[in-house]
Amino acid sequence: MMNAGLGVYEMGSPLIALEKIVVQEVARALGYPASADGMLTSGGSLGNLTALLAARQTRAGYDIWQEGSLQTAPLAVMVSEESHYCVERAIRILGWGDKGLIKVPVDAAFRMRADQLEAKFQEARDQGIRVLAVVANACSTATGSYDPIAEMADFCEKYNLWLHVDGAHGAAVAFSSQYRPLVTGIERADSVVLDFHKMLLTPALSTALIFKQGNLSYQTFAQQASYLWADDQQAEWYNLGKRTFECTKVAMGLRTYVLLKAYGPALWEQYIDRCYDLGQVFAQILRESPDFTLLLNPMANIVCFRYTPQGWQDSGLSALNHQIRQHLLESGDFYIVQTQIQGAIYLRVTLLNPFTKTEDLLALLTKIRTIHQKYHS
Ligand SMILES: *Cc1c(COP(=O)(O)O)cnc(C)c1O
């Protein structure tokens, strides 16, 4: 409760034990073997960078931590066009620049086209670029699309590539028997990032980074800090700073542990089912409303749509929806965001509050119509 630092065991031993319990709970839900292990870290962005550091050290073919990456073939990671910006940022931090990020196209539902991986991989090879990892979205931020993890795992196994799942938002469905099929194959990924503060009801911020082979989590930071650890070479799970970017870290495991202890994982299952079901309900309402257009059938609790009243040309709809959102925010009744999909502005709703009801969703559409009448007619 004193929020002691968690870099070394002697500073925060009880909290480190709670963190271990939380990590094990997630590893079990993902379907990982007993050898899985990981830790909590400060956000999905840092978690993705940390996972890619482990991927680099494990798959580069030499000790890149010691020798540096300057004298080798350029290294790269394959990601979906729809990946979160932090993945690109991580790759640029690794120093791999433009060539380090190979974008794989998506299908009409904004899922990575796994059938394109082979061609992109060979293209990179022909240019002397060495691909060592693939990142799957589970799900993508803009549209809530889940990449086909099982197909991607097949490809990664063929070429011995590291498969990382960016499940910051949506890997939480591993806790739901109804929605678990969205992440079929996640148990084959080498690493998974999952934010408790996105879909697991935990106050920000708290992220799990789990490795299928727990021992590989020690590859990330191979460097020595002998004033902290008596033995630099040992894999000591309880000295968390050996595997996290952070030295001092907030006692983030406590928040999640309290939820687990008080309610168990069934709470998360109910919450996910409630929010994801609501996404389906909202999509159905939009399909039945002739003055609205649904972008795609939602896979998650993220719904993208546009107001498309009769008599409006396509060219004016982005500006219209942008203005409507602005008025909506100013009215203070609703908070929704907008997103650009292939150059067009859509309204975007993430259904996170389990107390949101169908009437609230209907009221949102009514409000949009009212705003339109007030400002545009
Ligand atoms: C939110 C999100 C992130 C970033 O996570 P933070 O915890 O905000 O750093 C990364 N990837 C995806 C897919 C996300 O939804």
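The values are calculated or read from the model by the stated rules, or taken from the named source; none is laboratory data. The shown structure was predicted, so the numbers you read here are calculated from the model rather than taken from an experiment. Virtual Cβ from ideal backbone geometry, glycine too; neighbours counted across all protein chains shown. For the accessible areas, the whole protein counts, side chains as well, though only heavy atoms, and no ligand, DNA or RNA atoms are used. Shrake-Rupley method; radii C 1.70, N 1.55, O 1.52, S 1.80 Å.
Hey, got the dipole for region 49-135? About the Cα centre, +1 on K and R Cβ, -1 on D and E Cβ, debye to the nearest 20? Kindly include the intermediate steps, with their values, before the conclusion.
On the way: 11 positive and 11 negative charges, 28 e Å.
The calculation lands at about 140 debye.
What ranking do 202-208, 318-324 get when scored by the average of other Cβ atoms within 10 Å per residue, highest first?
Ranked from most to least packed, the peptides come out as 202-208, 318-324.
Using only helices, what value at 222 nm comes out for the chain when you add -39,500 (n - 2.57) per DSSP H run of length 4 or more and divide by the total residues, to the nearest 500 deg cm²/dmol? Intermediate results must be reported in sequence, preceding the final value.
Working: 11 runs with 146 residues, N = 377.
Taking each H run of at least 4 residues, the total per residue is -12500 deg cm²/dmol.
Using the Cα atoms of region 331-377, I'd like the radius of gyration and the largest Cα-Cα distance, Dmax, both in angstrom.
12.4, 35
With +1 on each Lys and Arg Cβ and -1 on each Asp and Glu Cβ, and nothing else charged, work out how big the dipole of region 267-376 is about its Cα centre, in Debye to the nearest 20.
Values: 9 positive and 10 negative charges, 53 e Å.
I would put it at about 260 debye.
State the extension gain, in nm to one decimal, for the chain segment bounded by Tyr375 and Ser13, taking 0.36 nm per residue of separation less the distance between their alpha-carbons.
Values: separation 362, 0.36 × 362 = 130.32 nm, distance 5.95 nm.
In short, 124.4 nm is gained.
What is the diffusion coefficient of the chain in µm²/s, taking the Kirkwood radius over Cα pairs and the Stokes-Einstein relation at 10 °C with a viscosity of 1.306 mPa s? All intermediate terms of the calculation are to be shown ahead of the outcome.
On the way: Rh = 22.0 Å.
It diffuses with D of about 72 µm²/s by this estimate.
Can you flag which of Lys198/Lys367; Lys158/Lys212; Lys20/Lys261; Lys99/Lys120 are past 23 Å Cα-Cα? Before the final figure, lay out the partial values.
Values: Lys198/Lys367 27 Å; Lys158/Lys212 18 Å; Lys20/Lys261 14 Å; Lys99/Lys120 12 Å.
Listed pairs above 23 Å: Lys198/Lys367.
For region 176-285, count the residues as N, evaluate 2.2 N^0.38 Å, and divide the Cα radius of gyration by that value, please.
Values: Rg = 17.7 Å, N = 110, 2.2 N^0.38 = 13.1 Å.
After normalising by residue count via 2.2 N^0.38 Å, the value is 1.35.
Stretch Trp312-Glu118 to full length: gain in nm at 0.36 nm per residue minus the Cα-Cα span?
Numbers: separation 194, 0.36 × 194 = 69.84 nm, distance 4.24 nm.
Taking 0.36 nm per residue and subtracting the Cα distance, the gain is 65.6 nm.
Calculate the radius of gyration of the Cα atoms of region 267-376 to one decimal place, then report Dmax, the largest Cα-Cα distance, as a whole number, both in Å.
13.8, 46
To the nearest 0.05, how large is the calculated FRET efficiency for Asp333 and Tyr85 if R₀ is 30 Å and r is the Cβ-Cβ distance?
So, using R0 = 30 Å, E works out to roughly 0.50.
Can you find, among Gln340, His322, Tyr375, the residue sitting farthest towards the positive end of the charge dipole of region 231-377, where Lys and Arg contribute +1 and Asp and Glu -1 at Cβ?
Ranked along the dipole, the leading option is Tyr375.
Can you give me the accessible area per residue for the chain, using a 1.4 Å probe, in Å²? Walk me through the numbers on the way to the answer.
Numbers: 16730 Å² over 377 residues.
Accessible area per residue, the chain: 44 Å².
Could you pull out the GluC sites (Glu not before Pro) across region 278-377 that fall in loop regions by DSSP (anything but H, G, I, E, B) with no more than 15 other Cβ atoms inside 10 Å?
On the way: sites: Glu288, Glu330, Glu359; in loops: Glu288.
For GluC sites (Glu not before Pro) across region 278-377 that sit outside H, G, I, E and B with at most 15 neighbouring Cβ atoms in 10 Å, the list reads Glu288.
If I fit a long axis through the Cα atoms of helix 314-331 and take the longest principal axis of the Cα atoms of the chain, what angle between them do I get, 0 to 90°, rounded to 10?
It is inclined by approximately 80 degrees.
Once neighbouring chains are kept in place and the probe is 1.4 Å, which whole percent of the accessible area of the chain is contributed by carbon and sulfur?
Working: 8500 of 16730 Å².
Carbon-and-sulfur percentage of accessible area, whole number: 51.
Could you please report the charge total around Phe355, scoring K, R as +1 and D, E as -1 over all other residues with beta-carbon less than 15 angstrom from its beta-carbon? Don't skip to the end; give the middle numbers.
Working: positive: Arg274, Lys357; negative: Asp273, Asp277, Glu359, Asp360.
Around Phe355, the charge tally is -2.
To the nearest Å, what is the center-to-center distance of region 37-60 and region 117-159, using C-alpha atoms only?
17 Å
Please compute the net charge surrounding Val337, taking Lys and Arg as +1 and Asp and Glu as -1 over other residues with Cβ under 13 Å from its Cβ.
Working: positive: Arg325, Arg348; negative: none.
Cβ neighbours under 13 Å give a net charge of +2.
What size of dipole, in debye to the nearest 20, comes out for the chain about its Cα centre when the only charges are +1 on Lys and Arg C-beta atoms and -1 on Asp and Glu C-beta atoms?
Details: 32 positive and 37 negative charges, 99 e Å.
Result for the chain is approximately 480 debye, rounded to the nearest 20.
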